[in-house]
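Notes to accompany the following structure.
Any read-out appearing in this document is the output of simple, stated calculations on the displayed coordinates, not a laboratory observation. Since the model is a prediction, treat every value here as computed from it, not as a measurement. Cβ sites come from the backbone with ideal geometry, for glycine too, and all protein chains shown count toward neighbours.
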Amino acid sequence: MDGNGRWAKRFGWPRLAGHKKGAESVRRVIRHSPSLGVETLTLYAFSSDNWKRPAEEVNGLMRLLGHFIEKEVTECRANGVRLEFIGRRDRLPSNLVPAIEGAERDTAAGRRLRVRIAIDYSSRDMLLAALRPGADREDISQALGPDVDLLIRTGGEKRLSDFLLWECAYAEFHFTPVAWPDFGERELEAAVSEFRSRERRFGEVYDTTAA
Ligand code: FPP
């Protein structure tokens, strides 16, 4: 969900204004995803490296996440959206942890869309925690979560930034210069439609005549 800070700067506003606007995009994307056949949506809200940002921005983001959870749980529950949170919880503000646990509990029955929000998340750390002596691919995938079909990165960045490294083994990538606060239904539809037109081979050869 990149480009919030730059979006705000365009209007001479503080970076947090961009994150607030970005939360509206989150809402739009969650509402629109089921109609496009999306079953699981994972959103990168705060990486473990984001703690290095100025305290004002970090605190503002944590407050924003708290507000979002407080406001959205009822609608998610009503619409069959299951909320889950991935990442560390031991460094989060103490009021956020019960909010997260409550949201997970209250929406656990949702079957239309599974939304996973990554907070204090590092894919490398998640992988380290999942690795056990004798663990096979299946065990690790089980511990981490579903493979990614489509990864969308906004704001013109073209890197993974410690996000879903294992799960993206065969992901298709969609990079867009659109800043996250400007990302809406149209951009999501375009990304999904382009994804559906791609041939995914998973290492196999489908055109046997070309052998
Ligand atoms: C990266 O863009 C974005 C973030 C670190 C925060 C993302 C958070 C939200 C969209 C709002 C809250 C999330 C939820 C799930 C309600 P950036 O700040 O690095 O922007 P820049 O690349 O323009 O500097």
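Amide H contacts under 5 Å for Phe85: Ile117, restricted to partners 5 or more places along the chain or on a different chain, H placed in the peptide plane at 1.01 Å from N. Each Cα pair under 8 Å and six or more residues apart adds its sequence gap; the mean of these over the residue count of the chain is a relative contact order of 26 percent. Restricting the trypsin sites (Lys or Arg not before Pro) of region 81-120 to loop positions (DSSP other than H, G, I, E, B) with no more than 16 neighbouring Cβ atoms within 10 Å leaves Arg88, Arg89, Arg91, Arg111, Arg112.
In terms of other Cβ atoms within 10 Å, Trp180, Trp166 run from fewest to most in the order Trp166, Trp180. Helix-only estimate, please: 222 nm mean residue ellipticity of the chain, summing -39500 (n - 2.57) across DSSP H runs of length 4 or more and dividing by its residues, to the nearest 500. About -13000 deg cm²/dmol.
Under the combined filter of DSSP loop state and at most 13 neighbouring Cβ atoms within 10 Å, region 131-208 retains these GluC sites (Glu not before Pro): Glu157, Glu199, Glu204. Please list log₁₀ I(q)/I(0) at q = 0.07, 0.18 Å⁻¹ for the chain, using the Debye equation with identical point scatterers on the alpha-carbon positions. At q = 0.07, 0.18 Å⁻¹ the computed log10 ratios are -0.23, -1.52. Amide H to amide H distances under 5 Å link Thr40 with Arg114, where only residues 5 or more positions off or on other chains count and H is placed in the peptide plane.
Near the amide H of Glu172, within less than 5 Å, lie the amide hydrogens of Leu150, Leu151, all on another chain or at least 5 residues away, with H placed in the peptide plane. Shown for Val26, Val97: other C-beta atoms within 10 Å of each C-beta, ranked fewest to most, produce the order Val97, Val26.
Ranked for footprinting exposure by Cβ neighbours inside 10 Å, fewest first, Met1, Met62, Met126 give Met62, Met1, Met126.
Taking chymotrypsin sites (Phe, Trp or Tyr not before Pro) across region 1-76, the ones in a DSSP loop with at most 14 further Cβ atoms lying within 10 angstrom of their Cβ are Phe11.
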